[in-house]
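S.K.: Attaching a single structure in C-alpha cells format; questions to follow.
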Amino acid sequence: MSSAVINDLYRRTLDGDKSAENELFEFLTARFRLFARHRIWIRADAEEIVQETLMVILGEYKSLVIDTSFTAWAYKVLDNRILAYIKNRSRDRDRTAKMDGLPEKTAAIENPGANDLKRRLITCLRKICVANTRYARILNLHYQGYVTDEICTRLGITQTNFYSILSRARSLLDFCLDKGEIE
C-alpha cells in the first residue's frame, strides 16, 4: 500500500468513513510492527511501542491539520517513540553500570566494534547507491519493512526479479563489508 493510498484513507477517515479508519489502523499496525521489530529486537518492547504510537495517533490525528503527508507524520510519531525507548534503555544501562561501579562508557566496552560496523555499513550503502541505485532502493525498501508485493509494485518488477536483485544487492553489501570496496 503506497503513501498515496494511506493518505487517501486518512482523508476518508476525516470525512467519517469508519471502514476507512479500520483499514487505516489495521495497515498501520501491521507496518509499524515490521518497522519496530527491525529496530527493537525485544518483541514485547516493540509491540508496546507500536501500541503506544497507535494510541498517540488515534488521539491526535483528527485534530491536526496535516497538509503534506499523514504517512510521514505517523512514521515520525513511531520513530520518536523508538528513539525515546532507545534513549531510556541507554540511560538505564548507564545507571546500572554506575551502581555496579563500572566505567561510564559501558556500551563501548560491551560492543567496541559497533561504531566501526555502522560506519562501514553506511559507507558501503553509499557505494552501492552510486554503483546501482536499484540495488540501494530495494535494500532500503526491504529494510523499511515493505513486503515483496509492495516493493514489486512500486518498482514495476516481478517477484522473481525482486529476489534476484535482493540477492545480488546483499552479496554486494557483504563483499563491501568484507573488502571495503565494490566488485
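The values are calculated or read from the model by the stated rules, or taken from the named source; none is laboratory data. Nothing here was measured: the structure is a model prediction, and the numbers come from that model. Cβ placement follows ideal geometry from the backbone for every residue including glycine, while neighbour counts extend to all protein chains displayed.
S.K.: Out of curiosity, is THR71 among the β-branched types (Val, Ile, Thr) and in contact (Cβ under 8 Å) with a residue 60 or more places away in the chain?
M.R.: Considered against the rule, which asks whether it is among the β-branched types (Val, Ile, Thr) and in contact (Cβ under 8 Å) with a residue 60 or more places away in the chain, THR71 comes out as yes.
Condition check ((1) of a type outside the set (Ser, Thr, Tyr); (2) more than 20 Å from ARG39 (Cα to Cα); (3) touching a His at 6+ places or on another chain (Cβ under 6 Å); (4) without any contact (Cβ under 8 Å) to a residue 12 or more places away in the chain) across all residues:
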site	(1), (2), (3), (4)
VAL130	yes, yes, no, yes
HIS142	yes, no, no, no
ASP149	yes, yes, no, yes
ARG154	yes, yes, no, no
SER167	no, yes, no, yes
LEU172	yes, yes, no, no
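S.K.: OK, next. Report, by residue number, each residue of the stretch 15-29 that is part of a helix (DSSP H, G or I) and out of contact with any Leu (no Cβ under 9 Å at 6 or more places or on another chain).
M.R.: LYS18, SER19, ASN22, GLU26 - these are the residues of the stretch 15-29 that are part of a helix (DSSP H, G or I) and out of contact with any Leu (no Cβ under 9 Å at 6 or more places or on another chain).
S.K.: Could you list, in sequence order, all residues of the stretch 136-183 that are part of a loop (DSSP other than H, G, I, E, B) and among the β-branched types (Val, Ile, Thr)?
M.R.: Answer for the stretch 136-183, where residues must be part of a loop (DSSP other than H, G, I, E, B) and among the β-branched types (Val, Ile, Thr): VAL147, ILE157, THR158, ILE182.
S.K.: I'd like to verify a number: residues in the stretch 41-56 that are more than 21 Å from ALA72 (Cβ to Cβ) and in contact (Cβ under 8 Å) with a residue 24 or more places away in the chain, how many?
M.R.: Final tally of qualifying residues: 1.
S.K.: Which of the residues that make up the stretch 138-157 are surrounded by fewer than 17 Cβ atoms within 10 Å (Cβ to Cβ) and either in contact with a helix residue (DSSP H, G or I) (Cβ under 9 Å, 6 or more places away or on another chain) or not small (Gly, Ala, Ser) (or both)?
M.R.: Passing the criteria: ASN140, TYR143, GLN144, VAL147, THR148, ASP149, GLU150, THR153, ARG154, LEU155, ILE157.
Conditions tested, residue by residue: (1) surrounded by 13 or more Cβ atoms within 10 Å (Cβ to Cβ); (2) modelled with pLDDT under 80.
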{"position": "THR53", "(1), (2)": "yes, no"}
{"position": "LEU64", "(1), (2)": "no, no"}
{"position": "ALA74", "(1), (2)": "yes, no"}
{"position": "ARG81", "(1), (2)": "yes, no"}
{"position": "ALA84", "(1), (2)": "no, no"}
{"position": "ARG93", "(1), (2)": "yes, yes"}
{"position": "ALA97", "(1), (2)": "yes, yes"}
{"position": "THR106", "(1), (2)": "yes, yes"}
